[in-house]
Amino acid sequence: MAIGTLGVGSGLDLEGLVTKLITNEGKPRFDRLATKEAKVQANISAFGSLKSSLDKLRTAANDLNDTAAVGKRAVSTGGSKLFSASATSSATVGNYSVQVLGKAAAQKLASTADFSSGTDLVGAGTLSITSGTNSFSITTDSTTTLQGLRDAINGSASNTSVSASLLVVAKDPLDASAGTVTRLVLTAKETGTANAIQTSVTDADLDNTDNAGLSRFYYSASDPVNSRMSQTQAAANARIAVDGFTAISSTNTFSDVAEGVTITVQEPPADPLNPTVETLSITRDTTAASGRVQSFVTAYNDLAKTIRDLSAYDKTTNKGAALSGDATLRAISSQLRGIASAAGLGSGTPGSLSDIGVSFQTDGNLKIDSAKLDTALKNQLPGVSALLTGTGGVGARFDAALDSILDSGGTLEARTQGFDKQLKSISAERETVISRLDKLEASYRSRFSALDATVARLKSDGDYLLAQLQSTSQIISGRRG
């Protein structure tokens with residue numbers, strides 16, 4: 001609002017008068033808008049609390065709808081050091097006898113030629129290496145060193161199967177004074193006999209199998225006489241026996257012997273000729289399912305409390321909470337309660353939450369009968385899984401309902417968008433009131449300015465007349481004297 005100097009001429013407090021008039025004119029309007037805005041903000045905060053509780057329930061419903069977790073299996077290997085195991089919900093409950101017959105290994109080859117150091121030359125030519133389905137070639141020249149050959153093997157873009165390294169070892173294991181030699185070691189990156197290493201050489205000296213030049217790296221399992229590299233570790237497949245039947249794998253993992261069960265060999269047998277028989281037990285793990293039911297009930301009850309708090313009405317004070325009587329809140333509460341109390345779900349046995357010990361109390365909360373739930377999980381797990389998970393299960397139904405409430409275009413977004421529009425409308429109305437008051441103040445100032453000028457002029461004229469009268473009185477008094 002404008003700042004002026006009304007009243008200077010008249011001596012009247014016209015500035016104060018204008019301020020009071022404008023304040024009295026605007027206060028009821030501003031108070032009404034402030035009250036309206038506070039109510040909208042309270043609604044926004046209330047729906048924020050509601051959304052938070054709904055989000056937590058959706059997370060719990062998603063967890064409840066996890067078939068793998070609800071049908072989880074517990075695995076015991078009896079403390080075996082030879083193998084470990086895991087199982088999915090599709091694994092058959094029962095016991096298996098398991099024997100580890102052998103552990104998978106990656107082949108290792110080492111050069112037998114004595115290189116004094118990694119800087120020794122290896123000779124010109126082409127070294128071809130094969131492991132599994134991967135083959136690649138390394139071309140050397142007269143300047144290539146043992147270190148250079150190692151780096152070329154490891155750096156080859158075509159090499160996906162073999163790693164090369166250098167070992168510096170005693171030339172004579174029994175005589176330290178004999179010094180050391182350097183050897184090239186080739187290691188297959190994958191275990192199993194199918195990934196055994198084979199090399200071939202095209203040597204510049206035209207002899208591809210002698211003990212000179214690049215031929216020193218020739219190796220073929222079918223040509224042991226001419227092979228110049230030695231096998232320090234043989235390629236081996238893992239072998240196990242399950243219930244007396246043998247299974248073989250190029251890796252130490254068996255995932256297709258028993259449905260839903262993965263067995264991993266950890267150690268080779270102490271006595272391959274008399275392998276130990278150990279027991280693998282698969283049982284139902286009711287702990288995971290029970291925990292998810294508990295988390296769901298907790299989230300539902302937290303939401304129920306939030307709804308009660310937001311819709312409460314105090315008869316003593318005749319005041320309601322932020323969302324007392326709100327139709328959206330009632331609709332959400334009714335929809336979710338209907339899903340939780342529905343019957344005929346899943347495979348039908350059990351067909352409702354109450355069938356597994358989850359039922360409503362008089363206060364609207366859910367309560368778990370732990371004994372009933374445990375019995376259902378132990379004796380009716382497939383039915384419980386069908387009730388809680390899958391397209392028609394409780395978890396999926398809650399997911400769908402909560403998505404329609406929380407997702408973009410859902411129930412809550414529509415309400416919050418409405419609140420945003422209300423706040424913008426209040427802001428626009430406030431600006432309109434301010435504009436009207438500015439105009440009214442300008443009008444008051446124009447009128448009071450004219451009044452101030454008139455009063456000032458009248459005051460000046462009065463002062464002049466008074467001065468004239470005083471002067472005339474003095475003249476008259478002087479003549480009399």
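Tabulated data
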item: When residues of segment 60-79 are limited to those that are at pLDDT 90 or above and β-branched (Val, Ile, Thr), the one farthest from Thr287 (Cα to Cα); result: Thr77
item: Subset of segment 101-158 (residues that are under 29 Å from Thr193 (Cα atoms) and among the acidic types (Asp, Glu)); result: Asp114, Asp151
item: Criterion: surrounded by fewer than 19 Cβ atoms within 10 Å (Cβ to Cβ), out of contact with any Cys (no Cβ under 6 Å at 6 or more places or on another chain) and farther than 24 Å from Thr262 by Cα - qualifying residue of Ala42, Ala61, Ala46; result: Ala42
item: Unique residue being surrounded by 13 or more Cβ atoms within 10 Å (Cβ to Cβ), part of a loop (DSSP other than H, G, I, E, B), modelled with pLDDT of 85 or more and of a type in the set (S, T, N, Q) when the list is Ser290, Ser295, Ser333, Ser324; result: Ser324
item: Test: residue in segment 302-314 that is assigned to a strand (DSSP E or B), free of Cβ contacts under 8 Å to residues at least 40 places away in the same chain and either farther than 30 Å from Gly357 by Cβ or among the acidic types (Asp, Glu) (or both); result: yes
item: Per-region count, segment 126-149, residues within 25 Å of Ala105 (Cβ to Cβ) and either touching an Asp or Glu at 6+ places or on another chain (Cβ under 6 Å) or among the small types (Gly, Ala, Ser) (or both); result: 4
item: Search result, residues across segment 178-194 that are of a type in the set (Gly, Ala, Ser) and crowded, with 16+ Cβ neighbours inside 10 Å; result: Ala188, Gly192
item: Test: residue in segment 13-33 that is in contact (Cβ under 8 Å) with a residue 40 or more places away in the chain, in a helix (DSSP H, G or I), closer than 22 Å to Leu329 by Cα and of a type in the set (A, V, I, L, M); result: no
item: Hits in segment 69-92 (condition: assigned to a loop (DSSP other than H, G, I, E, B), touching a strand residue (DSSP E or B) at 6+ places or on another chain (Cβ under 7 Å) and more than 30 Å from Leu387 (Cβ to Cβ)); result: Thr77, Gly78, Ser80, Leu82
item: Residue match in segment 342-361 (condition: within 30 Å of Thr35 (Cβ to Cβ), surrounded by fewer than 14 Cβ atoms within 10 Å (Cβ to Cβ), in contact with a strand residue (DSSP E or B) (Cβ under 6 Å, 6 or more places away or on another chain) and without any contact (Cβ under 8 Å) to a residue 24 or more places away in the chain); result: no
item: Any hit, segment 425-441, residues being polar (S, T, N, Q) and surrounded by 15 or more Cβ atoms within 10 Å (Cβ to Cβ); result: no
item: Identity of the residue in segment 1-29, touching a Gly at 6+ places or on another chain (Cβ under 9 Å) and of a type outside the set (A, V, I, L, M), that ends up modelled with the lowest pLDDT; result: Gly7
item: Top-ranked residue in segment 243-277 [being hydrophobic (A, V, I, L, M, F, W, C) and assigned to a loop (DSSP other than H, G, I, E, B); ranked as surrounded by the most Cβ atoms within 10 Å (Cβ to Cβ)]; result: Ala258
item: Helices (runs of 4 or more DSSP H) wholly inside segment 371-481 that include at least 1 residues being under 30 Å from Thr59 (Cβ atoms) and modelled with pLDDT under 90; result: 381-388, 411-480
item: Condition check for Thr276: within 20 Å of Thr77 (Cα to Cα) and polar (S, T, N, Q); result: yes
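The values are calculated or read from the model by the stated rules, or taken from the named source; none is laboratory data. All of these numbers come straight from a predicted model, not from anything done at the bench. Glycine also receives a Cβ, built like all others from the backbone with ideal geometry; neighbour counts cover every protein chain displayed.
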